[in-house]
1. So what J values fall out for segment 34-41 if you push phi through Karplus, 6.51 cos²θ - 1.76 cosθ + 1.60 with θ = phi - 60°, rounded to Hz, Gly and Pro as x?
2. Give the angle, between 0 and 90 degrees and rounded to the nearest 10, that separates the Cα long axis of helix 112-135 from the longest principal axis of the Cα atoms of the chain.
3. Going by amide H atoms built from the backbone, whose H comes under 5 Å of the H on Leu45, apart from near neighbours?
4. Ignoring everything except DSSP H segments at least 4 long, calculate the 222 nm mean residue ellipticity for the chain; use -39,500 (n - 2.57) per segment, divide by total residues, nearest 500.
5. What ³J(HN,Hα) values, in whole Hz, does the Karplus curve 6.51 cos²θ - 1.76 cosθ + 1.60 give for segment 8-17 when θ = phi - 60°, with x put for Gly and Pro?
6. Tell me, what ³J(HN,Hα) does each residue in segment 153-166 have, in order and in whole Hz, if you take phi through Karplus 6.51 cos²θ - 1.76 cosθ + 1.60 with θ = phi - 60° and put x for Gly and Pro?
7. Once the convex hull of the C-alpha atoms of the chain is built, how many Å³ does it hold per residue, rounded to a whole number?
8. Any chance you could give the angle, 0 to 90 degrees and rounded to 10, that helix 74-93 forms with the longest Cα principal axis of the chain?
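A short reminder: the numbers here are calculations on the coordinates, not readings from a lab. Keep in mind the model is a prediction, meaning the values are calculated, not measured. For neighbour counting, all protein chains shown are included, and Cβ atoms are generated from backbone atoms with ideal geometry for every residue, glycine included.
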Amino acid sequence: MNAPKTILHFTILAIVLILAQAVCNKILLFGVAMPVIFIYWILRLPINLHLNWVLTMAFAMGLTIDLFNDTPGMHALSCTLLATMRHPVFNAYMPREDDMTDPVPSTSSMGLPAYFKYMATLVAAYCVLIFVIQAFTLHDLLATLARIGASALLSIILMIAIDSLVSTRREKRL
């Protein structure tokens with residue numbers, strides 16, 4: 001895939017995910033599960049992209065969500081930490097980058113088991129970060145743990161669905 005087409009693809013994906021997250025922020029299933037789907041964009045950034053770019057874009061994405069939610073930097077902090085964790089978690093589940101057909105992490109390039117572990121680890125870490133920051137106390141620990149688990153599970157299910165929609169035709173043939 002050429003660079004301008006990739007940049008356009010990721011820009012459109014970012015805009016769509018930000019708008020979808022603005023809608024998802026109004027959803028609270030069973031009083032505990034809130035889908036967090038905008039981080040799919042951070043997870044999908046090319047693995048060979050320089051860390052400075054990933055950190056900058058993740059911070060900007062988190063800050064944009066903070067503007068929609070009126071949360072003072074909580075998502076920006078969580079997204080920046082998620083971007084920092086992305087490459088080590090990727091290397092834990094996919095030790096050889098040479099095995100990938102495409103530098104963009106997806107079910108097609110990594111295989112479903114490795115991609116699921118990569119995505120589940122990072123989504124769970126993000127949910128722990130954001131909900132612990134929001135609660136900022138250990139007073140109601142069971143409610144916080146329920147929010148973390150339910151939101152992570154719902155987000156993972158939605159991100160796998162989004163990944164099946166976002167995959168290009170070339171990726172689906174492999």
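1. With the stated coefficients, segment 34-41 comes to 10, x, 10, 9, 5, 6, 4, 5 Hz.
2. Between helix and principal axis, roughly 30 degrees.
3. For Leu45, no residues qualify.
4. On the way: 8 runs with 125 residues, N = 174.
One gets -23500 deg cm²/dmol as the mean residue ellipticity at 222 nm.
5. Computed from phi, the couplings for segment 8-17 are 5, 4, 5, 5, 5, 4, 5, 5, 5, 5 Hz.
6. 4, 4, 5, 5, 4, 5, 5, 5, 5, 5, 4, 5, 7, 7
7. Working: hull volume 19.9 nm³, N = 174.
Each residue corresponds to 115 Å³ of Cα convex hull volume.
8. 50 degrees
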